[in-house]
1. Show me the helices (runs of 4 or more DSSP H) found entirely inside region 1-72 where at least 1 residues are within 24 Å of the chain's Cα centre (by Cα), in contact (Cβ under 8 Å) with a residue 40 or more places away in the chain and under 27 Å from residue 98 (Cα atoms).
2. More than 30 Å from residue 292 (Cβ to Cβ), outside the structural domain of residue 30 (by TED's automatic domain parsing) and surrounded by fewer than 17 Cβ atoms within 10 Å (Cβ to Cβ): which single residue out of 469, 432, 476 fits that description?
3. Looking at 331, 360 in this structure, which one is touching a helix residue (DSSP H, G or I) at 6+ places or on another chain (Cβ under 7 Å) and surrounded by 18 or more Cβ atoms within 10 Å (Cβ to Cβ)?
4. Can we say residue 312 is modelled with pLDDT of 90 or more, closer than 17 Å to residue 343 by Cβ and assigned to a loop (DSSP other than H, G, I, E, B)?
5. For region 230-254: of the residues being under 22 Å from the mean Cα position of the chain (by Cα) and more than 24 Å from residue 409 (Cα to Cα), which is surrounded by the fewest Cβ atoms within 10 Å (Cβ to Cβ)?
6. Looking at region 435-455 only, could you name the residues that are in a loop (DSSP other than H, G, I, E, B), farther than 17 Å from residue 480 by Cβ and either out of contact with any helix residue (DSSP H, G or I) (no Cβ under 8 Å at 6 or more places or on another chain) or outside the structural domain of residue 502 (by TED's automatic domain parsing) (or both)?
7. Scan region 479-495 and give yes if some residue there is assigned to a loop (DSSP other than H, G, I, E, B), free of Cβ contacts under 8 Å to residues at least 24 places away in the same chain and touching a helix residue (DSSP H, G or I) at 6+ places or on another chain (Cβ under 7 Å), otherwise no.
8. With respect to residue 200, is the statement that it is modelled with pLDDT of 90 or more and either more than 28 Å from residue 327 (Cα to Cα) or outside any helix (DSSP H, G or I) (or both) true?
């Protein structure tokens with residue numbers, strides 16, 4: 001379902017009676033969508049009518065557990081309900097309005113929901129989140145960080161299937177009272193007009209959205225708005241102060257936390273460029289350890305224990321697993337769960353969550369975000385799993401190897417997808433067919449915006465793909481002799497990267 005009130009109503013209602021919703025990313029389609037629904041072992045599906053056509057394409061591959069009910073939320077529109085499905089509205093209309101009685105009652109240790117996250121294994125993983133974590137995030141974000149009050153109005157345009165939308169933005173208002181102005185999708189052009197129209201005082205952000213807003217042409221009334229506090233993650237130091245000054249923001253609170261709910265950090269004092277301190281409210285949330293990126297391993301001392309970084313060093317962030325920060329793991333995926341846990345890190349018996357994020361350690365315990373490890377990267381605020389993209393691209397059928405990685409592009413946040421493709425002997429790449437395939441089978445943020453045709457596979461002797469050199473070279477035709485192509489975002493066709501095309505991309509002429 002899109003961002004709309006019914007999403008929040010359904011989420012709250014199911015949570016109240018102990019039904020666990022699995023919040024499906026509304027961008028996914030095809031076999032990725034099939035996997036997401038099936039892995040949850042769903043007994044029922046509630047679907048917004050706006051995505052009914054996508055579901056009908058894959059319905060025969062869905063394996064429900066009994067009773068296998070399917071409800072359609074029509075948003076008061078006239079929709080022909082397919083056979084085997086039911087219109088949700090008339091069913092709700094005949095339900096009692098009295099408070100339901102549950103025995104035993106729901107408590108904070110019960111599972112609230114499943115949030116999907118992409119990892120290096122490819123297809124979406126369903127992360128279990130408890131009521132306890134939702135309450136912690138709501139009280140901390142709204143009270144401890146922003147001092148939210150019942151008169152505050154929050155502008156919410158983040159996807160509600162995401163952790164930041166449903167587990168930070170939603171409880172921040174619901175726990176403390178107040179009002180939400182809910183937008184279906186983010187729009188940089190309409191953002192400040194909406195803020196003024198609804199007199200919004202709070203906003204939960206991700207860095208990319210703030211980058212979009214900061215890239216908009218300056219206006220005389222930029223600082224004439226009601227927004228007081230913003231909280232989120234990904235606000236980079238290179239534009240933090242400019243953004244805060246330009247739009248007259250009273251306080252920016254940068255936070256960090258995995259979707260899996262382990263190792264939350266907050267920069268409550270608003271120090272530009274910092275995620276926050278490793279110690280929060282007297283509790284050590286984790287450590288930054290020395291990491292060998294080329295060998296893809298933690299550097300250890302003579303006793304076999306990890307070595308903590310010194311001030312000025314960059315390393316891998318490990319979040320402590322304990323009663324305050326439990327790791328519930330991924331539903332029906334024991335291998336993925338175990339791969340995120342590391343034991344005996346600093347002493348025998350300790351347990352840490354492997355974040356996959358590289359932090360730089362600063363004085364007084366502050367840390368700043370540097371990058372993600374090579375198998376994943378962030379683009380458009382979404383984490384892209386390179387293995388998942390590679391698997392889908394490889395199904396096109398003419399590649400011997402598909403090496404996916406992220407490359408930096410001027411005036412953008414995160415990394416854009418790029419694929420180094422090695423053709424099978426005798427095969428040639430039909431660029432128009434490939435562009436159509438990519439556009440149909442991959443979401444916008446996961447598509448390889450750049451492709452590089454390689455003569456040989458980039459891999460070690462153990463067949464592990466090498467990405468570091470490819471990432472460093474990027475898509476610059478001055479240093480790369482291989483054929484290079486760019487997915488024109490308006491035409492959805494691959495075009496040859498010439499010096500002019502390269503310069504236009506770097507100058508921000510292309511918007512993607």
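The values are calculated or read from the model by the stated rules, or taken from the named source; none is laboratory data. What you see is a predicted model, and the numbers here were worked out from it, not measured in a lab. All Cβ positions, even for glycine, are placed from backbone atoms using ideal geometry, and neighbour counts span all protein chains on display.
1. By residue number, 5-17.
2. Answer to the check: 432.
3. Step by step, each of 331, 360 is checked, and only 331 is touching a helix residue (DSSP H, G or I) at 6+ places or on another chain (Cβ under 7 Å) and surrounded by 18 or more Cβ atoms within 10 Å (Cβ to Cβ).
4. Answer is no for this residue.
5. Ranking the qualifying residues of region 230-254, first place goes to 252.
6. 443, the sole residue that qualifies.
7. Yes, region 479-495 contains at least one residue that is assigned to a loop (DSSP other than H, G, I, E, B), free of Cβ contacts under 8 Å to residues at least 24 places away in the same chain and touching a helix residue (DSSP H, G or I) at 6+ places or on another chain (Cβ under 7 Å).
8. Yes: the conditions hold for residue 200.
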